[in-house]
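Take a look at the structure set out below.
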Amino acid sequence: MSFLTRVQPMLRTRGFAAVAPRAFSTSFVVRKSATEAVKDTVKGVDRAVSDKIVDGIEVGQTATQKVKEAAGMSTNEMKAKANEVAGEAKEKAGEMSGKASELSGEAKGKAAELKGEAVGKKEEIKGKM
């Protein structure tokens, strides 16, 4: 007997013994449920938002560095430079906020779409039964 077709006896019923070969497989069928698909989408959105937050932190560090460089300037020059850096930081924060809102909207849309597909599949299976 080959190692691929080992036979395993099944239960006896009324003196009859049925023998069935065992399946030999090393791979699993991979399917994503609607919940897993939504989780993956949310993870992607979370990653994108985190990246934007890191960008904001870097802008803050750049602003700090510019203020340190400006320490040798006169008071008026420092105020002008501080206002310039503050304007850049506000602009970058606005961009990040918009991007975060956009990504959040995409995630909600994807979740609603997957929920609809799940309900549709449920109804389809229900109809077949």
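Listed cross-link partners K66/K92; K90/K110; K108/K128; K52/K110; K32/K110; K32/K108 are compared with a 23 Å cut-off, the Cα-Cα value being larger for K90/K110; K108/K128.
Once R0 is set to 30 Å, what does the formula 1/(1 + (r/R0)^6) return for the Cβ-Cβ distance between K128 and S101, expressed as a FRET efficiency to the nearest 0.05? The partial results should precede the final answer.
Working: r = 41 Å, r/R0 = 1.37.
Step by step, r from the Cβ atoms, then E = 0.15.
For a distance above 15 Å, tell me the whole-number percent of Cα pairs in the stretch 51-114 that qualify.
Numbers: 1229 of 2016 pairs.
Tail of P(r) above 15 Å: 61 percent of Cα pairs.
Bear in mind that the values in this text are calculations on the coordinates, not laboratory data. Here the structure is a predicted model, which means the values were calculated and not measured. Counting neighbours? That spans all protein chains shown, and the Cβs are built from the backbone with ideal geometry, glycine included.
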